[in-house]
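Nothing in this text is a laboratory measurement; each read-out follows from the coordinates by a stated rule. Computed from a predicted model, the values in this text were never measured in an experiment. Positions of Cβ are generated from backbone atoms using ideal geometry, with glycine treated the same way; all protein chains shown enter the neighbour counts.
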Amino acid sequence: MPKQTYLLFVVIMLTATTSFAQDTTDAMANLEKQTVQDETVYTTATFKTTRVVSGQSVENTAPGVLDLRINHRFGQLNSGLYNFFGLDEASMRLGFDYGISKRLMVGIGHSTYQKTYDAFLKIKLLRQSTGKINMPITLSYVPVFAYNTLKTVPATVPKPSFADRTSFTNQLIIGRKFSDAFSLQLMPTYIHKDNVPNVTLPYTKRNTFAMGIAGRHKISKRVSLNAEYYYQLPDTQGPLSTNVLSLGVDIETGGHVFQLHFTNSRGMTEKAFITETTGKWEDGDILFGFNISRVFNVKKTKNHW
Amino acid sequence: MRSPLTQQPIRKKYFTKNGLISFFSKAQLENIKADNNQVLSTIDVGTGGIQFSVLINGFHFPKATMEEHFNEDYMESSKYPKATFKGKITDLSKVDFTKDGVYKVNVSGDLTMHGITKPNFSTDGTITIKDGKISANSKFMIELKDYNIKIPKVVASNIAEKIEITVVCSYPNKM
């Protein structure tokens with residue numbers, strides 16, 4: 001700070017002596033330059049909302065804001081007219097997210113898939129910014145806890161314990177808003193899965209490493225195209241598991257964000273969509289889905305976030 | 001120009017980095033107010049030159065989503081980061097900077113925001129001198145369509161077409 005004060009002093013002295021008889025233009029130019037050096041401007045709206053499609057984006061819910069999220073996936077498009085191209089089936093996740101501070105949000109939810117409860121934190125470790133602090137990326141850490149409550153067939157021995165029903169995901173999100181329209185993020189992820197017998201995926205790996213990549217491109221002020229892909233390291237990928245690819249559109253209308261998408265995954269928690277996807281895009285195992293987000297300002301904040 | 005007592009030039013220019021500009025939108029469904037208390041302003045008491053510069057993303061709203069929409073959708077602050085006014089007090093002779101008082105003045109100049117400049121923008125304000133300290137106040141209306149700020153129909157009852165702007169600046173710093 002003393003350095004800046006000194007700089008400002010020099011600037012003022014120069015202004016005072018050199019442009020004494022002129023108008024206020026130079027003085028203002030100097031003030032503006034000084035302010036740009038003194039302030040940190042944080043990048044905002046890297047993504048429209050806190051999810052890209054199924055997975056987390058680098059965005060956090062603002063402090064004091066409660067976000068009610070309803071995620072919905074229908075059945076497979078290739079299931080034919082009898083199944084109304086998948087619309088007869090529905091799987092959902094109902095969740096609440098809340099912003100505690102500008103760097104911390106929490107979320108809880110319940111999914112139809114494996115009757116799973118989940119809870120997560122999203123912690124912003126670095127925030128993309130320019131000015132005094134010049135930071136090219138935003139870095140977030142997301143731990144996710146999920147609890148599978150699916151009833152097992154009576155013959156299952158031994159019965160799954162609490163630990164068997166629990167899965168953990170540790171994810172880093174490295175994101176950057178390259179331009180107003182284009183943002184990209186990478187999501188290295190480690191998943192420790194639950195150990196509840198799974199009929200659709202009988203052979204599985206308990207520990208999976210995956211690298212995710214996701215991006216968005218705005219096509220108008222209120223509409224953007226999103227894509228999300230998770231690549232499981234082959235050594236840690238279950239034999240029937242496929243990598244999840246989702247393509248979607250975000251539509252923003254006031255306090256709502258609607259996300260419409262096509263994906264090959266049914267699950268909506270990290271463990272489920274990253275490691276337990278079995279559908280293949282090339283076989284037409286594609287599901288239509290949507291997320292609806294509605295934010296409520298629980299606490300009015302007057303300060304900066 | 002020399003002051004007889006100190007043999008120093010008379011300081012004629014003042015500035016602030018903490019001026020306040022607020023705006024208020026009164027619409028059918030909701031009233032929206034936002035403040036920016038990091039307004040840069042300079043005033044030259046010799047010539048009447050007065051200038052303001054304000055960063056759009058420095059306006060703070062009671063709701064985070066409002067602030068995001070304001071920057072992203074309406075003001076496009078990454079494309080047009082600041083709003084400026086550069087003008088003059090047209091009736092400077094009314095103001096006696098050496099005497100405490102509230103002086104009504106007219107200010108005229110170029111008002112620029114959202115990439116559009118309105119030349120000869122004119123409004124009334126007051127210059128207040130108290131204990132030798134200068135402050136400037138003004139309240140005026142602007143129309144969004146003059147600055148090509150488009151409000152979609154769906155939120156037409158949430159955002160007014162005419163916005164009231166309040167300016168409160170005191171100039172503690174000499175230059």
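Of the residues B:K139, B:K153, B:K26, the one that moves most in a GNM of chain B with alpha-carbon contacts below 10 Å is B:K153. Note on B:64-74: average number of Cβ atoms from other chains within 10 Å of each residue's Cβ is 5. Legend: calculated FRET efficiency, A:W281 to A:L186, from the Cβ-Cβ distance at R0 = 25 Å, rounded to 0.05, equals 0.70.
Cα axis of helix A:2-18 to longest principal axis of chain A: angle in degrees, 0 to 90, nearest 10? Value to nearest ten degrees: 40. Each of B:M75, B:M141, A:M187 was scored by other Cβ atoms within 10 Å of its Cβ. Arranged with the fewest first, they read B:M141, B:M75, A:M187. Kirkwood analysis of the Cα pair distances in the protein assembly as shown returns a hydrodynamic radius of 25.7 Å.
Treating the angle as unsigned and between 0 and 90°, give the value, to the nearest 10°, between the Cα long axis of helix A:25-38 and the longest Cα principal axis of chain A. Roughly 40 degrees between the two axes. When the pairs B:K17/B:K79; A:K218/A:K280; A:K221/A:K271 are compared against a 31 Å limit on Cα-Cα distance, A:K221/A:K271 fall above it. Computed over chain A with a Gaussian network model linking Cα atoms closer than 10 Å, the most mobile of A:V223, A:V41, A:V144 is A:V41. For chain A, set up a Gaussian network in which alpha carbons nearer than 10 Å are linked by springs, and say which option among A:E276, A:E39, A:E59 fluctuates the most. Most flexible of the set in this elastic network: A:E39. Mean per-residue shielding of peptide A:221-231 is 1, counting Cβ atoms of other chains within 10 Å of each Cβ. Each residue of the stretch B:101-111 is assigned a 3J(HN,Hα), and the resulting list reads x, 10, 10, 7, 9, 10, 10, 9, x, 9, 10 Hz, derived from the Karplus form 6.51 cos²θ - 1.76 cosθ + 1.60 (θ = phi - 60°), x at Gly and Pro. Percent of C-alpha pairs per 5 Å bin in the stretch B:43-94, short distances first: 5, 19, 20, 14, 11, 10, 11, 9, 3, 0. For the stretch B:99-138, the calculated P(r) over all alpha carbon pairs, in 10 Å bins from 0 to the bin holding the longest distance, is 29, 37, 24, 9 percent. For peptide B:35-43, the mean count of partner chain Cβ atoms within 10 Å of a residue's Cβ comes to 3. Fewest-first ordering of A:E252, A:E32 by other beta carbons within 10 Å of each residue's beta carbon gives A:E32, A:E252. The length gained on full extension between B:K118 and B:I165, counted as 0.36 nm times the residue separation minus their Cα-Cα distance, comes to 15.4 nm. Per-residue ellipticity at 222 nm, computed for chain A from helices alone with -39500 (n - 2.57) per DSSP H run of at least four residues, works out to -4000 deg cm²/dmol. A convex hull fitted around the alpha carbon atoms of the stretch B:15-174 yields 108 Å³ per residue.
Could you work out how far the C-alpha centroid of the stretch A:98-112 sits from that of the stretch A:44-58, in angstrom? What the calculation gives is 13 Å, centre to centre. Straight-distance candidates among the aspartates and glutamates for linking to A:K122, with alpha-carbon spacing under 18 Å and chain neighbours fewer than 8 residues away dropped: A:E59, A:D67, A:D97, A:E270. 3J(HN,Hα) couplings calculated from phi for the stretch B:12-25 with the Karplus curve 6.51 cos²θ - 1.76 cosθ + 1.60 (θ = phi - 60°) are, in sequence order, 10, 10, 10, 9, 9, 10, 10, x, 10, 10, 10, 10, 9, 10 Hz; Gly and Pro show x. Multiplying the residue separation of A:E32 and A:S220 by 0.36 nm and removing their Cα-Cα distance gives an extension gain of 64.6 nm.
Please work out the Cα center distance from the stretch A:157-179 to the stretch B:92-152, rounded to the nearest Å. So the two Cα centres are separated by 57 Å. For the stretch B:26-78 and the stretch A:114-143, what is the separation of their Cα centres, given in Å? The distance from the Cα centre of the stretch B:26-78 to that of the stretch A:114-143 comes to 28 Å. Taken one residue at a time, the phi angles of the stretch A:73-88 give Karplus couplings (6.51, -1.76, 1.60, θ = phi - 60°) of 10, 8, x, 6, 4, 7, 7, x, 5, 4, 9, 6, 6, x, 5, 6 Hz. Gly and Pro are set to x. Can you figure out the FRET efficiency of A:Y42 with A:V157, using R₀ = 51 Å and their beta-carbon distance, to the nearest 0.05? Given R0 = 51 Å and the Cβ-Cβ separation, E is 0.40.
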